[in-house]
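A.B. asks: Quick one: the structure is below, questions incoming.
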Amino acid sequence: MTESRKFSAGWKLDVDDKACYIDIEHDEDEDNEERHDGTNAPEHGTKGRNGAGDELANGQQSQWCDLPDHIMERIFAHLSIRERYYASLTCFSWYQAFSLPNVWSNFMVLDETLSRLKYNYYSGWQPVLDHARTQNCLLSVGKLFRGLDFRPLFSFNNMFQFMTLISWAIEQNQKAKVPREWVGCGLKIKSLNYIFPCNMASSEDPESIKLFGTGGQLLASLKRLMLNLPNLQTLKLVDLMLERYEANHLLDEVLEACCLVLRRLHLINVTMVHCPVMHAALFLNLQVLVISPQNIDDDVLTLLADSKVRHLYLHQNRYTPAAIAITPCTVKGWRMVRRDNPNLRVHLCVESTSAGEILLQPEAPVHSMIYQSPKTMITSDKLLAAVDAYKFTLTVYGHEMLPDFSSPVEFQDRIDSLLVLMARSCPELSVLMIRERISTATLLLIARTAQNLRQLYVRRNQLVEECDWPKNPEWSDEFFQWLQAASQSIESTEKEISQILQNDWKPLSDEHFQKTSLTKHVDY
């Protein structure tokens with residue numbers, strides 16, 4: 001059997017002339033290195049703040065070693081544990097940056113985190129959690145953790161063992177006589193994010209879906225961890241797909257530990273079927289609640305009406321049941337919310353690789369509708385229903401991502417008239433994102449019609465440079481002449497819309513459009 005890993009080792013002298021043994025594994029599958037201590041400090045080829053530094057080819061001195069700590073923190077925070085380890089071997093300045101507090105503020109746990117490869121007779125080399133390395137990591141930087149982010153893919157046993165170990169480490173602080181080495185470990189954690197890979201379909205077919213939920217000992221270890229985080233302010237649980245009896249008791253421990261401190265709660269697809277999660281509305285100081293529509297009903301709305309929640313996000317992703325299979329909350333429930341909690345804003349969002357549709361909530365105070373689905377087109381029935389239901393509250397509307405379809409070419413088949421109707425009917429509309437084909441004349445009409453429009457995102461290569469609108473009897477001859485002249489080119493349209501919106505407006509390239517997100521316009 002041929003080894004795929006290469007080893008290099010040897011004895012070196014550090015700055016104090018102490019011998020240290022360096023054993024480095026060159027393994028692409030191993031994504032992490034344990035925390036190093038002062039005995040294996042790097043050699044000072046680059047002397048950092050205590051020396052002159054490396055010389056470049058032209059004789060000048062490199063200044064990378066003299067970067068301020070706050071910049072080094074931001075750089076190291078973007079690196080994996082293994083990359084941080086190797087970067088810390090560069091110079092003494094970077095070696096010190098390894099232990100800066102903000103570098104370890106968010107700790108992401110993947111399948112290979114703090115693991116060693118172990119050969120499995122049936123599956124080949126598999127990552128297995130290294131308990132010694134994990135303990136060394138928690139002892140060294142565990143007290144710096146402010147957020148935990150679990151992203152398992154296959155190694156659920158590694159997730160279970162890591163959560164068990166860190167829960168045990170935090171529990172040491174609850175003893176009457178706390179062991180000195182565990183003082184403060186995990187006590188600063190304020191954010192927990194757990195995304196379960198519920199789709200167990202073959203990776204050869206990315207469109208296929210085969211859903212399985214979590215549970216058993218893995219769920220028990222997650223609940224134990226949540227119970228040991230009394231300072232938790234943000235909790236995100238995504239795609240757990242639990243059974244009803246498990247979902248009903250999911251947040252028992254969180255409510256016991258964080259009833260007064262939790263501020264943001266994300267519960268996306270706690271179950272596949274209709275199952276209201278009543279605990280979601282019982283946190284006394286909760287400000288933001290993100291939940292799937294199958295996990296909310298009129299009883300939850302009754303509790304939200306008397307809560308401090310200001311933003312309610314009804315989020316649908318690719319694993320959420322289709323909108324036609326979910327029952328929305330009743331008109332009576334939403335009217336009660338509008339009466340008792342007038343500051344509550346509702347946001348509807350769908351995120352799907354297929355043609356996902358938003359489940360409309362009748363008479364809800366909806367302030368934003370965001371589509372993150374490349375195959376969803378704007379249709380007259382859906383847009384008219386949204387305008388009719390939310391015309392007095394809607395402020396943000398748009399379709400993100402590049403479309404996976406071709407827009408109609410002819411004016412009568414396009415969405416121009418529908419968007420102008422939305423601009424005229426929704427006086428509070430301030431942000432609009434359009435990814436389908438549209439004419440420059442339509443953009444001018446939208447900018448002139450929407451009273452509070454501030455941001456307008458369109459794709460440059462989907463603009464039709466012409467005035468394809470017939471003259472409306474309500475338009476004056478002067479206005480129609482202006483519309484015809486201003487829509488003849490993109491440059492003239494840019495100039496006119498910039499004056500109307502009072503900013504430097506330009507259409508976006510596909511690359512910039514792909515990177516633009518509407519969530520920054522939604523108040524948190």
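A.B. asks: Are any residues in the range 296-346 over 24 Å from residue 271 (Cβ atoms), over 26 Å from the mean Cα position of the chain (by Cα) and not in a helix (DSSP H, G or I), and if so, which ones?
C.D. replies: Residues satisfying the conditions are 306, 341, 342.
A.B. asks: Looking only at the range 470-523, count every residue that is touching a residue at least 12 places away in the same chain (Cβ under 8 Å) and either among the acidic types (Asp, Glu) or open to solvent by 80 Å² or more (accessible area, probe 1.4 Å) (or both) and tell me the total.
C.D. replies: Residues flagged as touching a residue at least 12 places away in the same chain (Cβ under 8 Å) and either among the acidic types (Asp, Glu) or open to solvent by 80 Å² or more (accessible area, probe 1.4 Å) (or both) within the range 470-523 amount to 7.
A.B. asks: Using the structure shown, decide if residue 90 is closer than 30 Å to residue 196 by Cβ, surrounded by 17 or more Cβ atoms within 10 Å (Cβ to Cβ) and either touching a residue at least 40 places away in the same chain (Cβ under 8 Å) or among the β-branched types (Val, Ile, Thr) (or both).
C.D. replies: Considered against the rule, which asks whether it is closer than 30 Å to residue 196 by Cβ, surrounded by 17 or more Cβ atoms within 10 Å (Cβ to Cβ) and either touching a residue at least 40 places away in the same chain (Cβ under 8 Å) or among the β-branched types (Val, Ile, Thr) (or both), residue 90 comes out as no.
A.B. asks: Is it true that some residue in the range 344-355 is modelled with pLDDT of 90 or more and either surrounded by fewer than 17 Cβ atoms within 10 Å (Cβ to Cβ) or on the phi > 0 side of the Ramachandran plot (or both)?
C.D. replies: The answer is no, given that none of the residues of the range 344-355 is modelled with pLDDT of 90 or more and either surrounded by fewer than 17 Cβ atoms within 10 Å (Cβ to Cβ) or on the phi > 0 side of the Ramachandran plot (or both).
A.B. asks: Please list, ordered by first then second residue, the pairs with beta carbon atoms under 6 Å, 6 or more apart or interchain, first in the range 261-273 and open to solvent by 10 Å² or more (accessible area, probe 1.4 Å), second outside any loop (DSSP other than H, G, I, E, B).
C.D. replies: Hits for this filter: 264/234; 264/288; 266/236; 266/290; 268/238; 268/315.
A.B. asks: Can you name the number of the only condition in (1) in contact with a strand residue (DSSP E or B) (Cβ under 6 Å, 6 or more places away or on another chain); (2) buried (at least 20 other Cβ atoms within 10 Å of the Cβ); (3) closer than 19 Å to residue 241 by Cβ that residue 226 fails?
C.D. replies: Against the list (1) in contact with a strand residue (DSSP E or B) (Cβ under 6 Å, 6 or more places away or on another chain); (2) buried (at least 20 other Cβ atoms within 10 Å of the Cβ); (3) closer than 19 Å to residue 241 by Cβ, residue 226 comes up short only on (1).
A.B. asks: Is there a residue in the range 377-389 that is charged (D, E, K, R) and part of a loop (DSSP other than H, G, I, E, B)?
C.D. replies: No; the residues of the range 377-389 include none that is charged (D, E, K, R) and part of a loop (DSSP other than H, G, I, E, B).
A.B. asks: Continuing with the same structure: Among the residues that make up the range 350-373, is at least one of them assigned by the TED database to the domain that holds residue 484, under 28 Å from residue 465 (Cα atoms) and assigned to a loop (DSSP other than H, G, I, E, B)?
C.D. replies: Yes, some residue in the range 350-373 is assigned by the TED database to the domain that holds residue 484, under 28 Å from residue 465 (Cα atoms) and assigned to a loop (DSSP other than H, G, I, E, B).
A.B. asks: Within the bounds of the range 408-419, is there any residue that is out of contact with any helix residue (DSSP H, G or I) (no Cβ under 6 Å at 6 or more places or on another chain), under 30 Å from residue 209 (Cα atoms) and open to solvent by less than 20 Å² (accessible area, probe 1.4 Å)?
C.D. replies: Checked the range 408-419: no residue is out of contact with any helix residue (DSSP H, G or I) (no Cβ under 6 Å at 6 or more places or on another chain), under 30 Å from residue 209 (Cα atoms) and open to solvent by less than 20 Å² (accessible area, probe 1.4 Å).
The values are calculated or read from the model by the stated rules, or taken from the named source; none is laboratory data. Predicted model, so just to flag it, every value in this text is computed and none were measured. Cβ: placed from backbone, ideal geometry, glycine included. Neighbour counts: every protein chain shown. Side chains included, ligands, DNA and RNA excluded: accessible areas come from the protein's heavy atoms. Shrake-Rupley method; radii C 1.70, N 1.55, O 1.52, S 1.80 Å.
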